[in-house]
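Throughout, read-outs are computed from the coordinates displayed, never taken from laboratory work. What you see is a predicted model, and the numbers here were worked out from it, not measured in a lab. Here the Cβ is made from the backbone with ideal geometry for all residues, glycine too, and neighbour counts use every protein chain on show.
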Amino acid sequence: MRPANLQRFFIALCVIIIAGCGTEAPPAGQSPLNLHSVDLLERGQYLARAGNCVGCHTPAGAPEFSGGKAITTPFGIIYSSNLTADNVNGLGGWDSDDFWQAMHHGKSADGSNLYPAFPYPNYTLMTRDDSDALFAYFQTIPAVDSAAPDHELRFPFNTQLALSAWRLLFFKPQTFQVNSDHNASWNRGSYLVKGLGHCGACHTPRGVLGSTRSKHELAGAYIDHLGWDALSLLTGPVDAQQKRQTVTLLKTGVNERHHLSGPMAEVVFHSLQYVDEQHLDDMVEYMASLPSVPAQLRPSIRTSQATAATLRKEGDEIYVEHCSDCHGEEGQGEPFKYPALVANQGVTAESPSNAIRILKQGGFGASTEGRPRPYGMPAYAHQLNARESAAVLSYIRAAWGNSASAVSPEALRRD
C-alpha cells in the first residue's frame, strides 16, 4: 500500500476509537418485487437465484452452497461461507435475526465484521421480508459438513480492526427507498440492480481500499483477478426493440447480435435465466434511465499509427481465413448463432481485454432453457501467435465502421 493510503488507513483507526462505529439504519420495509403470493420457500429460492448466491458459495464439483470457493482480491484470498443447514459450519445454528444481521449490517452471528467480498454493501438494501424468505430457503438445503478454509489476507487486512476502519469509511446500513418520481417497474429494477442483483459489485470501479466509486456506478470496471472487463451498464435511453433484445440477452445469454461469454455467461447460467422476464425488463428500464458516463476500464497499450496500419492490413487476411465463415465478410454475424462484430460494445470497448480473452480461450455461452445448445467459438491461442492475434483484433476493431484503437502484440502477452 502507498504511504498516503497507509496514513489514511491508520487515521481511520484512530477515528474509530474516538467516534465508534456510527448509526445503524432502521428496519427495511416491504419488498417491491410483488412476490408475496408465492410460497415462502419458493420465493426464497427465487431470491437466491436472482442474487446468484450459488455462483460464489459453490466450488467446482462441490455440493451447492457448501462454501469454500476461493475469491481472489487485491488484498489476498477470501473463502466463501457454507450456506447449507449444517449446524457447525453452515447456517443450521443461525436464526432469521442472525441472517438479517449478516445481510443488512454485514456482521456474522457472533457479531464479527464480514468481509465485503460478501456484497453486503448491496444486500443492505434488501428488505427484511426478503431476507427472511431467503433464510427459510437456505434452511432447506441439506447439511454439508464442510468448513471453509481460513482467509489468506495480508496484514493489516486480516484484522477486525481493519474491517472496522473500512466500514467507518465506506459502509452504512441502508434501506431501499421507493422513488415516488418513478413508477413501480423502475423501482423494482432499482431494487434488483442496486440490491439483490448487486450488479455494481463487478460493474463499478473500486478504489485502492476496495470500495466502489459511487460517482462511476455501473460505468464498467476491470476485474483484475479474472482478467475480464465488466462493461458499462449505462446504455442510455433504449427503444422497445432494444429493451426486448437486452432482456433476451440476459435471459438466454444470446440475442440477434450478441453472445455473452466469460463471467457474465456464468451469471446467466446460475442466475439470470431464472429471473422473471418482467423483472429483467424492470432492470433494463432502470439502467436505461441512468446518465451515461465513460467506462472505467484498463486502457489499451498504444501503438504508433504506422504499426496500427500494418497490423490491420495483416489482420484482414487472418480474418478472412479464420473468422469470416461464422462472423460474415462484413462482420454482420448470424442472428442467435454468431455475434455481430459491427458496433459490438465488447469488440470496440476502450480496453480490448475481453476480445483478447475470447480470442485466446474461446467464447462459450451459457446453456439455458431458452438456448440449451448455444454456439461456441473455439480457442485460437494454439493457432495464432501474439502478433497474429493482435493483427486480427486490430482489424476487427477498425473495420466496417468500427473505430476502436489497434491492439498491441504486447497486450496479448500481458493478458
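A few remarks follow.
- Cut-off 14 Å between beta-carbons: net charge of the residues surrounding SER185, Lys and Arg +1, Asp and Glu -1: -4
- Note on LYS194: lysines with a C-alpha under 23 Å away, same-chain residues under 8 apart excluded, are LYS107, LYS172, LYS215, LYS243, LYS251.
- The mean sequence distance of close C-alpha pairs (under 8 Å, at least 6 residues apart), as a share of the length of region 184-288, puts its relative contact order at 32 percent.
- Gyration tensor (alpha-carbon) shape descriptor, region 305-414, a/c threshold 1.5: prolate
- Angle in degrees between helix 128-138 and the longest Cα principal axis of the chain, rounded to the nearest 10: 80
- Taking amide H as placed 1.01 Å from N in the peptide plane, LYS107 has its amide H under 5 Å from the amide H of ALA102, LEU114, each at least 5 places away in sequence or on another chain.
- Length added when fully stretched, ARG302-ALA147, from 0.36 nm per residue minus Cα-Cα: 51.1 nm
- Counting other Cβ atoms within 10 Å as a rough exposure proxy, the listed residues VAL193, VAL238 run VAL238, VAL193 from fewest neighbours to most.
- Sites excluded, GluC sites (Glu not before Pro) in DSSP loops with at most 13 other C-beta within 10 Å, longest stretch of the chain: 25-328
- Angle between the chain longest axis and helix 40-50 axis [Cα atoms, degrees, rounded to 10]: 40
- Relative contact order [Cα under 8 Å, 6+ residues apart], region 305-414, whole percent: 33
- Fewest-first ranking of SER351, SER180, SER405, SER304, using other Cβ atoms within 10 Å as the exposure measure: SER180, SER304, SER405, SER351
- Highest-MSF residue in the chain out of ALA62, ALA288, ALA265 [GNM, Cα springs under 10 Å]: ALA62
- Pairs of Cα atoms nearer than 8 Å and 6+ residues apart set the relative contact order; for the chain it is 14 percent.
- If R0 equals 22 Å, the separation of the Cβ atoms of PHE170 and HIS225 corresponds to a calculated FRET efficiency of about 0.65.
- Gaussian network model of the chain, springs between alpha carbon atoms under 10 Å - residue of CYS53, CYS202, CYS326 with greatest fluctuation: CYS326
- Rounded tilt (10° steps) of 160-170 against the dominant C-alpha axis of the chain: 70
- Shape of region 203-329 from the C-alpha gyration tensor: oblate (a/c of 1.5 or more and a/b not above b/c, with a ≥ b ≥ c the square roots of its eigenvalues).
- Counting only DSSP H runs of at least 4 residues, each contributing -39500 (n - 2.57), and dividing by the residue count of the chain, the helix-based mean residue ellipticity at 222 nm comes to -11500 deg cm²/dmol.
- Shape call, region 80-157: gyration tensor on alpha carbons, a/c limit 1.5: oblate
- The C-alpha radius of gyration of region 239-298, expressed as a fraction of 2.2 N^0.38 Å, stands at 1.16.
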